[in-house]
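**Student:** This is the structure I want to talk about, given as structure tokens.
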Amino acid sequence: MAAGVPPDALGRRVSCGTDYGTVRYVGSVSPTAGIWLGVEWDDPQRGKHDGSYEGTQYFKCRHPKGGSFIRPNKANFGVDFLTAVKDRYVLNDKQEVQNGMGNTVVFGTKTVEFVGMDSVAEQQRQVQLNKLVDISVRECAVSHAGQEEEISRTCANMRHINLSKNLISSWETVVAIASQVQNLETLNVSENRMRFPSTSTFISSAFSNLKILALNQTEITWTEVLLCAQGWPVLEELYLSSNNITVLERPDTVLQTLKLLDLSDNQLLDGDQLHLIAQLPRLEQLILRNTGISSIHFPDAGFGCKTKMFPSLKRLAINDNKISQWSSINELDKLPSLRALQCNNNPFMDTEKNPETLIQLIIAKISQLEVLNNCEILPAERRGAELDYRKIFGKDWLEAGGHWNPEKNKPSEEFLAAHPRYPALCLKYGAPEEGELKGRQPLTLKNQLLTLTIKCPEKPEQKPVEKKLPESMTIQKVKGLLYRLLKIPGSELKLSYESSKLEGKEVELDNDLKPLQFYSIESGDCVLVRW
């Protein structure tokens, strides 16, 4: 191996200036002389090609322009852990001389030399490092553990280590460092793209006291998490954002002490994946921000019942996802311990234009919620939201078979699916009275008229009709009106609408029990009728 190139260079992490990459090739590149390193860069824009040169493929890259060749002297292969710690926390010899800590001391005009000062300074360094409890060597180019037992001799009291954004190439290096730290409680090795064990290996006791572990942006998979987790017997918080996690597996014998799990920025294939981690007995906080999930469902529990899944879950973050149906919010009421929810930036929130109404609907649908999108829900706010909800959907309840007389009160399955908490609200506040529903509508549902154009795409010869309809009119009633207006024979109508503001976008009016305003229809929009 050429000078300056470690014997294990292949697969090692390197930096070059501010850029990070992985060595994929070591050797000559014809027709040039000397040794080259073929590097796949973390940022593909730093590269030039896919690992080929002059028609010869020397290595492969995930990105067609993610690789390039550099000379070994341009690559930084990093330093051992203790060197990085000393560089960050201990004065070097030059600094000591500048600060009057060299081997001589001046008394007046007389210079006195102290023999053995080197050993005294070294002892002071050792004492200083032994006092460190919280150590951060982020971006210090740490690549390996160093000499065996040297860390345990020098930094015996470390409990919290930040090793993020270094040059660690494998999980073995992390184990080698951690095994020398007896009482390690917190470890952050995020932003190190490393290799993890693919089969069960010897279970190290290195993490026997570890409570918090961050593995964000390390390219770990869930299978690898479960393999490594055999060595994390008391882990309470695990951060796994921005990795290769798309599929989950059931952690039957590991992660049983986990209280917090962060899976944000991993593209999970669907919401049902969550069922596989639903039996973690102590999990209190689950972070699923930007995971691509479009629905949440707990099939083991019916309307108004609690699920046996996620028994301890108190805080859930599902913001920045693709949840479009209110049914997923209904499902969250099944979680027995849920107290805090973050759900901003989901399509279902666009179905209601008034942000206050939106908040009221979520509060009314989830009975035990105390914090919504980081804002505390006050008792008066909950009472107001639940009373409004009871009034707003009171007519729907009556039309679906609801009744003030308990013996006649038989709302349809469809209504209960859309409003599973409605019976509980009736028990809590009493069924809505007819006078209540006939009187002033809640401010959030002003009975405004919408001017809409009615078109039949399947009968182009029929001229469009303009109609004024109350925005509180249900889709079912709109269909009844259109049967009479358009003289359509008895077949099932399918309604949709095109917004005057969003050309080409068609929204289905697919729930007969919903009012027009539920779908954010505005005056000037066009209702399309098909059968």
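The values are calculated or read from the model by the stated rules, or taken from the named source; none is laboratory data. In this text the structure is predicted, and so the values were computed from the model without any measurement. Cβ placement follows ideal geometry from the backbone for every residue including glycine, while neighbour counts extend to all protein chains displayed. These area figures cover heavy atoms from the full protein model, side chains too; ligands, DNA and RNA do not enter into them. Shrake-Rupley method; radii C 1.70, N 1.55, O 1.52, S 1.80 Å.
**Student:** Quick one: in the stretch 247-275, which of the residues that are over 24 Å from residue 327 (Cα atoms) and of a type in the set (Val, Ile, Thr) is surrounded by the most Cβ atoms within 10 Å (Cβ to Cβ)?
**Tutor:** Top of the filtered list is 254.
**Student:** Something else about it: Could you list, ordered by first residue, the pairs with Cβ atoms under 7 Å in which the first is in the stretch 502-531 and under 17 Å from residue 357 (Cβ atoms) and the second is assigned to a loop (DSSP other than H, G, I, E, B) and modelled with pLDDT of 85 or more, at least 6 apart or interchain?
**Tutor:** Pairs that qualify, where the first residue is under 17 Å from residue 357 (Cβ atoms) and the partner is assigned to a loop (DSSP other than H, G, I, E, B) and modelled with pLDDT of 85 or more, are 519/509.
**Student:** From the set of residues in the stretch 153-179 that are open to solvent by 20 Å² or more (accessible area, probe 1.4 Å) and in a loop (DSSP other than H, G, I, E, B), which is nearest to residue 219 (Cα to Cα)?
**Tutor:** In the first step, residues of the stretch 153-179 are kept if they are open to solvent by 20 Å² or more (accessible area, probe 1.4 Å); the result is 153, 156-157, 159-160, 162, 165, 172-173, 175-176, 179.
When the remaining residues are screened for being in a loop (DSSP other than H, G, I, E, B), the result is 156-157, 159, 165, 179.
Working: 156: 31, 157: 30, 159: 25, 165: 13, 179: 23 Å.
Residue satisfying both the conditions and the ranking: 165.
**Student:** OK, next. Quick check on this structure: which one of 212, 203 is closer than 17 Å to residue 159 by Cα and hydrophobic (A, V, I, L, M, F, W, C)? Step through it out loud before you land on a result.
**Tutor:** Values: 203 fails: closer than 17 Å to residue 159 by Cα.
Criteria check complete, one pass: 212.
**Student:** Now a separate question. Filtering the stretch 367-397 down to residues that are among the small types (Gly, Ala, Ser) and modelled with pLDDT under 95, which residue is most open to solvent (accessible area, probe 1.4 Å)?
**Tutor:** First, pick out the residues of the stretch 367-397 that are among the small types (Gly, Ala, Ser): 367, 380, 384-385, 394.
Those still in the list that are modelled with pLDDT under 95 too: 380, 384-385, 394.
Working: 380: 82, 384: 29, 385: 2, 394: 0 Å².
Result: 380.
**Student:** Also, quick follow-up: Would you pick out the residues in the stretch 279-293 that are farther than 18 Å from residue 320 by Cα and surrounded by fewer than 21 Cβ atoms within 10 Å (Cβ to Cβ)? Walk me through how you get there before you give the answer.
**Tutor:** We begin by selecting, within the stretch 279-293, every residue farther than 18 Å from residue 320 by Cα; these are 279-284.
Selection gives 279, 281, 282, 284.
**Student:** Follow-up. Would you confirm whether any residue within the stretch 448-464 is modelled with pLDDT under 90, open to solvent by less than 30 Å² (accessible area, probe 1.4 Å) and within 21 Å of residue 364 (Cα to Cα)?
**Tutor:** no
**Student:** From 66, 4, which residue is of a type outside the set (Lys, Arg) and under 30 Å from the mean Cα position of the chain (by Cα)?
**Tutor:** On the way: 4 fails: under 30 Å from the mean Cα position of the chain (by Cα).
Selected residue: 66, the only one of 66, 4 that is of a type outside the set (Lys, Arg) and under 30 Å from the mean Cα position of the chain (by Cα).
**Student:** Sticking with this structure for a sec: Among the residues of the stretch 465-513, write down those that are under 27 Å from residue 414 (Cα atoms) and open to solvent by 60 Å² or more (accessible area, probe 1.4 Å).
**Tutor:** Applying the first criterion (under 27 Å from residue 414 (Cα atoms)) to the stretch 465-513 yields 469-484, 488-498, 506-513.
Correct list: 476, 477, 483, 484, 489, 490, 492, 494, 498, 506, 508, 510.
**Student:** Only residues that are touching an Asp or Glu at 6+ places or on another chain (Cβ under 9 Å), touching a residue at least 40 places away in the same chain (Cβ under 8 Å), open to solvent by 30 Å² or more (accessible area, probe 1.4 Å) and in a loop (DSSP other than H, G, I, E, B): list them for the stretch 1-48, please.
**Tutor:** Result: 42, single match.
**Student:** Somewhere in the stretch 139-152, is a residue open to solvent by less than 60 Å² (accessible area, probe 1.4 Å), outside any loop (DSSP other than H, G, I, E, B), more than 20 Å from residue 42 (Cα to Cα) and out of contact with any helix residue (DSSP H, G or I) (no Cβ under 7 Å at 6 or more places or on another chain)?
**Tutor:** Initial filter on the stretch 139-152 (open to solvent by less than 60 Å² (accessible area, probe 1.4 Å)): 140-143, 145-146, 150-152.
Filter once more, so that each one left must be outside any loop (DSSP other than H, G, I, E, B): 142-143, 150-152.
After this cut, where a residue has to be more than 20 Å from residue 42 (Cα to Cα) as well, the list is 150-152.
Retained after the next criterion (residues that are out of contact with any helix residue (DSSP H, G or I) (no Cβ under 7 Å at 6 or more places or on another chain)): 152.
Yes, some residue in the stretch 139-152 is open to solvent by less than 60 Å² (accessible area, probe 1.4 Å), outside any loop (DSSP other than H, G, I, E, B), more than 20 Å from residue 42 (Cα to Cα) and out of contact with any helix residue (DSSP H, G or I) (no Cβ under 7 Å at 6 or more places or on another chain).
**Student:** Related question: Scan the stretch 327-361 residue by residue and report those that are in a loop (DSSP other than H, G, I, E, B) and open to solvent by 10 Å² or more (accessible area, probe 1.4 Å).
**Tutor:** Within the stretch 327-361, the first condition is being in a loop (DSSP other than H, G, I, E, B), and the residues that meet it are 333-339, 343-346, 352-354.
Matches in the stretch 327-361: 333, 334, 336, 337, 339, 344, 345, 352, 353, 354.
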